[in-house]
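Heads up, the thing below is written out as C-alpha cells.
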C-alpha cells in the first residue's frame, strides 16, 4: 500500500474529487443493505401468511428507489475517481516530458529511447489504474465489507457472522504472498517491454541500413527472441495473477458453506428465522465482491507500485545542466570570449578541449576547422550549454553564460546541428519550428537564403509537403538547407552552423554563404566545418587539433603560414577540380 502514500501529493491536490467519489462509494455500500433487508421481511411475511399486495408493492418500490439512487451515485463516483486517475496520468506524462527536455545529451547517451517511451506509456498506465481501480477496490473492500459485516452481526446473529468470517484471514496471507511475487515479476515484465520497445524503435528508424546490409533475417530472429522473453515474463505475471480469483472464490465458497449449514441449524433451533437467514445469505453474497476486491487491490497496487518506482527512479535523475543560483533572465549580447582551460566529456579520460582562448567580436564570422574529432562541435555545444565547462568560462558581452538562464542564453543563439533532425511534419512547420507565429512570406524568405526554396516548390504539395519521420523523404542536402532555414528564421544575434554544408554542392554552398553575408550584417556567425571553402570569407579562422588551437588568422594569413590549413586547402581545391572534370598537370 506504499504507493498510495507516495501518491498522496496528487490525492491532496484533487481532494474534492476523491472525497466526493469515496463518499458516494460509501453511500452506495450503505444503501446496498436495503434490498436484502426488504427481501427478508417479505419472506417472513410470506411464511406467516401476512404478505399483502400493498406490502409487496412497498417492498418493490423501496428496491426500485434504491436501484435508481445507486445508479446515479455509481455514475458520479466513476466520473470523480476515474477522471482523477486520468488527470494523474496526464500529470505524470507532463512531469516526464518536462524532465526529458531538461536533461543533457549525457542522459540520452545513457538511456534508451524505447525505455523512456515505456515509462511514458505502460508504466504511467499502471499507475493510472492504481489511482482509479486501486482506490475503488480499497474503499469497496473496506467500506462495503465493514458495513455488511457489522449489519450481519448486529441485525441478524453475531455468532453466525463470526463463523462465516473464519476463512477470511487466509485471504490476507495469500494476497500478501501473491503481491510480493507479482511486484517482482511485473517489474521484470516492464523491463522486458522496454527492451523490445527500444529494439523496434531502433529497427524502424534504421530500416534502410538493415535492408542495405541484408540483415532482415538476423533482425527478425533478434526480435523473436525479445518477443519470447516478453511473453515468458508476462506469462510469469499471469500465473500469479491467475491465483487471485480462484483463491478468493474457494475461500468465499467455504464461507457460504459454513453460513448456510450452521444457519440452517440456527433456524431449526429458532435462534434466527427463515427471513433472517435469507437476508444473511444475500449479505454474504454482497461480501463476495469486497473479498474479491481485496485480491484485485493487491494485484493493481503491486503493478502500480512497481511502475511508480520505475518512474520515480527516472525523475530522480538530476539534470547535468541547469540554471545556476542567481542566474538572470536576460538575452546576452556582444563579443563572445572563450577561456577554456580544459573540458572533458563525462565518463571520459581524455580532454576534448584544452587551452582554448579566443574572442569573436560582435558581427564577425568565425570559422572553426580541423580533423574529425578535433573538438569543433564541442566548442559550439559548450556555447549552447549542452555541457558545462568545469575549468574555465565563456562570456557574451562581458557576462558569463552561467550568469544568465538557459532560456535567456538560448534566446540569443540560432543553431543548425550536424544531424539535421527534422520532425514528421510539413516543410513549413519544420522551418517555423522555433518561430511558430511566422508567416508564409518569412518562411519563404529564409528558404531562399538557404537555397532550398526551389526544391520545396518542386515537391507535390510545396511547403505543405510532409517530410516523414526524421525527414526520411528528403535528401541529405535538402535536410541540411531546411535546418539552416529553420535557424535563420529565429533571427538570433548568434548563428551556429555545425558542418551543415557538407552535403551541398559548391555552387549551392557559395550561394548560401553569400546570402548569409548579405542578410546577417552586424550579427555573429560561428561555422564549424571540414570543408574549408565554407570559411574562406570568415573574419577569423581557427584550426583545432586534439582539442587545441594550433593555427589562427584569416584565410590569407593561414595560407601564408603554410601549415595544416594551407595543405588541406590545396588538397580540397585539387579534389574540387578533379570532380569538375579539370586536368591536373
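The values are calculated or read from the model by the stated rules, or taken from the named source; none is laboratory data. This structure is a prediction, so every number in the text was calculated from the model and none was measured. When we count neighbours, we look across all protein chains shown, and the Cβ atoms used for this are built from the backbone with ideal geometry, even at glycine.
The table below lists the values:
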| read-out | value |
| --- | --- |
| Pairs with Cβ under 6 Å, 6+ apart, first in segment 493-516 and on the phi > 0 side of the Ramachandran plot, second crowded, with 17+ Cβ neighbours inside 10 Å and assigned to a strand (DSSP E or B) | 499/528 |
| Test: residue 179 is over 26 Å from the mean Cα position of the chain (by Cα) and either closer than 15 Å to residue 296 by Cα or in a helix (DSSP H, G or I) (or both) | yes |
| Lone unmet requirement of (1) surrounded by fewer than 18 Cβ atoms within 10 Å (Cβ to Cβ); (2) closer than 25 Å to residue 254 by Cα for residue 202 | (2) |
| Count of residues meeting criterion [under 37 Å from the mean Cα position of the chain (by Cα) and modelled with pLDDT of 75 or more] in segment 159-176 | 2 |
| Residue among 365, 359, 348 that is surrounded by fewer than 15 Cβ atoms within 10 Å (Cβ to Cβ) and either modelled with pLDDT of 90 or more or more than 30 Å from the chain's Cα centre (by Cα) (or both) | 359 |
| Test for residue 420: is it within 25 Å of the chain's Cα centre (by Cα) and part of a loop (DSSP other than H, G, I, E, B) | yes |
| Among residues of segment 373-396, those that are over 17 Å from residue 496 (Cα atoms) and surrounded by fewer than 18 Cβ atoms within 10 Å (Cβ to Cβ), counted | 6 |
| Qualifying residue in segment 442-464 (condition: free of Cβ contacts under 8 Å to residues at least 60 places away in the same chain, out of contact with any helix residue (DSSP H, G or I) (no Cβ under 6 Å at 6 or more places or on another chain), buried (at least 20 other Cβ atoms within 10 Å of the Cβ) and not in a loop (DSSP other than H, G, I, E, B)) | no |
| Output for segment 523-535, where each listed residue is in contact (Cβ under 8 Å) with a residue 60 or more places away in the chain and either surrounded by fewer than 18 Cβ atoms within 10 Å (Cβ to Cβ) or assigned to a strand (DSSP E or B) (or both) | 523, 524, 525, 526, 527, 528, 530 |
| Hey, residue 558 assigned to a helix (DSSP H, G or I) and either modelled with pLDDT under 85 or touching a strand residue (DSSP E or B) at 6+ places or on another chain (Cβ under 7 Å) (or both) or not | yes |
| Of all residues making up segment 378-388, the number that are within 14 Å of residue 418 (Cβ to Cβ) and at pLDDT 90 or above | 5 |
| Hits in segment 503-522 - residues which are assigned to a loop (DSSP other than H, G, I, E, B) and either under 40 Å from the mean Cα position of the chain (by Cα) or under 15 Å from residue 379 (Cα atoms) (or both) | 503, 504, 505, 520 |
| Subset of segment 80-100 (residues that are within 18 Å of residue 138 (Cα to Cα) and free of Cβ contacts under 8 Å to residues at least 12 places away in the same chain) | none |
| Residue match in segment 564-571 (condition: surrounded by 16 or more Cβ atoms within 10 Å (Cβ to Cβ), at positive phi, touching a helix residue (DSSP H, G or I) at 6+ places or on another chain (Cβ under 9 Å) and modelled with pLDDT of 85 or more) | no |
| Selection count, segment 390-413, where residues are within 28 Å of the chain's Cα centre (by Cα) and closer than 18 Å to residue 378 by Cβ | 3 |
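Conditions (1) surrounded by fewer than 18 Cβ atoms within 10 Å (Cβ to Cβ); (2) part of a helix (DSSP H, G or I); (3) touching a residue at least 24 places away in the same chain (Cβ under 8 Å); (4) in contact with a strand residue (DSSP E or B) (Cβ under 6 Å, 6 or more places away or on another chain), marked per residue:
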{"site": "293", "(1), (2), (3), (4)": "no, yes, yes, no"}
{"site": "297", "(1), (2), (3), (4)": "no, yes, yes, no"}
{"site": "300", "(1), (2), (3), (4)": "no, yes, yes, no"}
{"site": "308", "(1), (2), (3), (4)": "no, yes, yes, no"}
{"site": "313", "(1), (2), (3), (4)": "yes, yes, no, no"}
{"site": "317", "(1), (2), (3), (4)": "yes, no, yes, no"}
{"site": "322", "(1), (2), (3), (4)": "yes, no, yes, no"}
{"site": "325", "(1), (2), (3), (4)": "yes, no, no, no"}
{"site": "332", "(1), (2), (3), (4)": "no, no, yes, yes"}
